[in-house]
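In what follows, a structure is listed as structure tokens, so that the remarks can point back to it.
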Amino acid sequence: MCEKMKKILTIVCCVLLLSCEKDFDIEVANTEPKLVVEAYISNQAPQYTYVILSKTVDYFDPIFQSIPVKNAQVSITEGSIINNIVTWNAASKRDLRELNNPALPAVFANGLYIDPLAISNPSQALVGKVGKYYRLDVLYENNAYTGITNMPDTVKLDSVTYGFPFVNSDNENKCRITNHYKDPDTLGNTYFYYWRNNENRNRFGWAGLFKSRAPGRDDSNNGEYIRITHPQGINYNDTITYMLTSVNRNTHNFWNSYLDARNNNGPFSTPVLLQNYISGKNVIGCFMGLSVSEKTIITRP
């Protein structure tokens, strides 16, 4: 190697070594708070139809939690497809009211909005109808927000079985549950899998249920008979209320992106694009329609 080349390499190495020890100040801009909308409508009991509103805080805020949004105006209106256009029925509009629910995490002690009839007259409370469309309207701090969803056809849950016994690390006997259903011969069906048991019997809403992130799209198994065994361990002598929920693709995409973002390793890792299906200024969220088919089993030893 020539002397000139040796000198060049020496200079480059020195620069690299020095740069390793130099402190750099990286300025990360504060993000403007966003309204977070988590909204559901279901064909099941009225407690599965509700809206949670919160507001994000800056990443570097020491509290690092969402702030419940109070005193918003929230309503849901039903619509039907007429000549390939959604026509909204103004007479069907339901105003949702705030409800303090002790079953919710403290951060959502406020910011929960439901149909008041869910408390006073549940048989007349708002539930979704399969085949209908629904529009969510939120007015908060003079800003209007809108989300639209539909209620897909309900796919029949044929049965739920249990088996695959094992002993966990605490020396407890466990089993696993399997769902059985026929996917319709139409491409685009999308599902979530939920269940309630003795452990979460008194928890509120969809977040209080156990949920599997098993693949819930029929892209590769359209029209086939489906059997999915969930990996979670289930106790024996437990009553399992299992729900096969049909959702639209926007709902599926939103929650997949949310879980990917939640499992990300902080702001300096590979960014994850969180899907958004609510229109308005500085907002993120989704309005979800869930058509439920349900079965109940008891896991006997």
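Pairs are defined by a Cβ separation below 9 Å, a sequence spacing of at least 6 or placement on different chains, a first member in segment 70-96 that is farther than 23 Å from residue 111 by Cα and touching a residue at least 12 places away in the same chain (Cβ under 8 Å), and a second member that is outside any strand (DSSP E or B) and of a type in the set (Ser, Thr, Tyr); the pairs so defined are 79/92. Residue 93 passes every criterion in (1) over 30 Å from residue 155 (Cα atoms); (2) at pLDDT 95 or above apart from (1).
Among residues of segment 176-190 being surrounded by fewer than 15 Cβ atoms within 10 Å (Cβ to Cβ) and in a loop (DSSP other than H, G, I, E, B), the one that is farthest from the chain's Cα centre (by Cα) is 185.
A residue that is in a strand (DSSP E or B) and over 26 Å from residue 278 (Cα atoms) cannot be found anywhere in segment 211-218.
Residues in segment 143-162 include at least one that is touching a Cys at 6+ places or on another chain (Cβ under 6 Å), over 18 Å from residue 249 (Cα atoms) and of a type outside the set (Lys, Arg). For beta carbons closer than 9 Å, sequence separation of 6+ or different chains, a first residue in segment 179-201 that is within 14 Å of residue 233 (Cα to Cα) and a second that is assigned to a loop (DSSP other than H, G, I, E, B) and open to solvent by 30 Å² or more (accessible area, probe 1.4 Å), the qualifying pairs are 195/232; 196/203; 198/237. Number of residues in segment 36-69 that are open to solvent by 30 Å² or more (accessible area, probe 1.4 Å) and either among the hydrophobic types (A, V, I, L, M, F, W, C) or at pLDDT 90 or above (or both) equals 9. For the condition surrounded by 15 or more Cβ atoms within 10 Å (Cβ to Cβ), modelled with pLDDT under 95 and on the phi > 0 side of the Ramachandran plot, residue 205 qualifies.
Exactly one residue out of 234, 226 is touching a residue at least 60 places away in the same chain (Cβ under 8 Å), open to solvent by less than 20 Å² (accessible area, probe 1.4 Å), closer than 19 Å to residue 180 by Cα and more than 21 Å from the chain's Cα centre (by Cα), and it is 234. Scoring residue 186 on the criteria (1) out of contact with any strand residue (DSSP E or B) (no Cβ under 7 Å at 6 or more places or on another chain); (2) of a type in the set (Ser, Thr, Tyr); (3) closer than 30 Å to residue 99 by Cα leaves a single failure, condition (3).
Restricting 21, 98 to those that are more than 30 Å from residue 202 (Cβ to Cβ) and either at pLDDT 50 or above or out of contact with any Ser or Thr (no Cβ under 8 Å at 6 or more places or on another chain) (or both) reduces the list to 21. On inspection, residue 146 passes the criterion of being farther than 30 Å from residue 228 by Cα, out of contact with any helix residue (DSSP H, G or I) (no Cβ under 8 Å at 6 or more places or on another chain) and either in a strand (DSSP E or B) or modelled with pLDDT of 95 or more (or both).
Table: residues versus (1) modelled with pLDDT of 85 or more; (2) among the small types (Gly, Ala, Ser); (3) in a loop (DSSP other than H, G, I, E, B); (4) closer than 30 Å to residue 171 by Cβ.
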{"site": "193", "(1), (2), (3), (4)": "yes, no, no, yes"}
{"site": "226", "(1), (2), (3), (4)": "yes, no, no, no"}
{"site": "267", "(1), (2), (3), (4)": "no, no, yes, no"}
{"site": "270", "(1), (2), (3), (4)": "no, no, yes, no"}
{"site": "273", "(1), (2), (3), (4)": "no, no, yes, no"}
{"site": "286", "(1), (2), (3), (4)": "yes, no, no, no"}
{"site": "291", "(1), (2), (3), (4)": "yes, yes, no, no"}
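The values are calculated or read from the model by the stated rules, or taken from the named source; none is laboratory data. Keep in mind it's a predicted model, so treat the numbers as computed, not measured. Don't worry about glycine lacking a Cβ; one is built from the backbone with ideal geometry, like all the others, and counts go over all protein chains shown. For the accessible areas, the whole protein counts, side chains as well, though only heavy atoms, and no ligand, DNA or RNA atoms are used. Shrake-Rupley method; radii C 1.70, N 1.55, O 1.52, S 1.80 Å.
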